[in-house]
1. The range 70-129 to the range 142-159: how many Å between their Cα centroids?
2. Using only Cα atoms, figure out Rg for the chain and give it as a multiple of 2.2 N^0.38 Å.
3. Hey, fewest Cβ within 10 Å first, where do Ser51, Ser61 land in order?
4. Give the peptides 148-155, 22-29 in descending order of average Cβ contacts within 10 Å, highest first.
5. Looking only at Ala245, Ala234, Ala170, which one moves most when the chain is put into a Gaussian network model with springs between Cα atoms under 10 Å?
6. For the residues Phe110, Phe71, what sequence is obtained by ranking on other C-beta atoms within 10 Å, fewest first?
7. Which stretch or stretches of the range 155-197 have amide N atoms under 19 Å from the point lying 7 Å from Ala141's Cα along the Cα→Cβ direction?
8. Among Val43, Val233, which comes first, then next, by fewest other beta-carbon atoms within 10 Å?
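Just so it is clear, none of the values below were taken in a lab; they were calculated from the coordinates. It should be emphasised that the depicted structure is a prediction, and the values quoted were computed from it without experimental measurement. Every residue, glycine among them, receives a Cβ derived from its backbone with ideal geometry; neighbour counts consider all protein chains shown.
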Amino acid sequence: MSVPPPPAAPFPAERTAVVTGATSPRGIGRAIATRLATQGWSVAVLDVDRSSCEALAAELSEATNRTCRGFGVDIRDRSAVLATIARVDAELPQLVAVVNNAGVSSPVPFLEVTDEEWRRVVDVNLHGTFHVTQACARIMARHHLGRIVNISSASAERGGGVYGRAAYSASKAALLGFARTLARELGPLGITANSVSPGSIDTDIMGGPLTDERKVQLLAELPVGRIGTVQDVAAVVAFLVGEDAGYLTGVTYDVNGGSHIA
């Protein structure tokens, strides 16, 4: 006779989301952190520069009257991550969500990729995500409630083609399989795991390496006729970490303006 799973834990009014890679002024992570704070979340901002994290957390706290904290941490360092997430657990409301946004790109062609370059990308995008997710998931399992969202990339699904090549695309593709595995393993513990794959989004990355000619070409390939915004991505993430998304797990949301069907 099978034993039914325990009932879903109630979604707390006072709740915390961890957002990694959140301090870039025009970045996706900052937009996610800001949107969650305005929707009633306390936010733990994680990035490598402590002063930038603390400044953003103070800004969010003042603007939303939520308790937000900034933590400078290199997510490649497992010990530092464990210590940081322990502080989040102790100093903020119940940890419910983690958004794994931190990542680095790599425009290096495959035949020119060095071991050092490969490890640099994989250490942040994959190993760092593993460190943060495991530390957060152990706390979520204790409460029998959690939301994990990995920020992947359209490059993971189409094999690069914009500004990320082999190392970047491979590491971001790994995040898709990672989330699906977590969905299977952690579902019985009340934890969902999903991915968001942004396409062409108006960030500093888009504004730098891409030529005007390439931007025109990208627009011609998008059925919606415009480059995406960080808010387009943040809106999807906010839904996936929310109470109404409890029956969604192991899925990938392509926020790309229809580029895959162009």
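1. Centre-to-centre distance over Cα atoms comes out at 13 Å.
2. Numbers: Rg = 18.0 Å, N = 262, 2.2 N^0.38 = 18.3 Å.
Expressed relative to 2.2 N^0.38 Å, the Cα Rg reads 0.98.
3. On the way: Ser51 10, Ser61 17.
Fewest-to-most ranking of Ser51, Ser61: Ser51, Ser61.
4. Details: 148-155: 26.4, 22-29: 21.2.
Packing order, densest peptide first, comes out as 148-155, 22-29.
5. Ala245
6. Details: Phe110 12, Phe71 22.
With the fewest neighbours first, Phe110, Phe71 line up as Phe110, Phe71.
7. Under cut-off, by backbone N: 178-194.
8. On the way: Val43 29, Val233 25.
Ranking Val43, Val233 by Cβ neighbours within 10 Å, fewest first, gives Val233, Val43.
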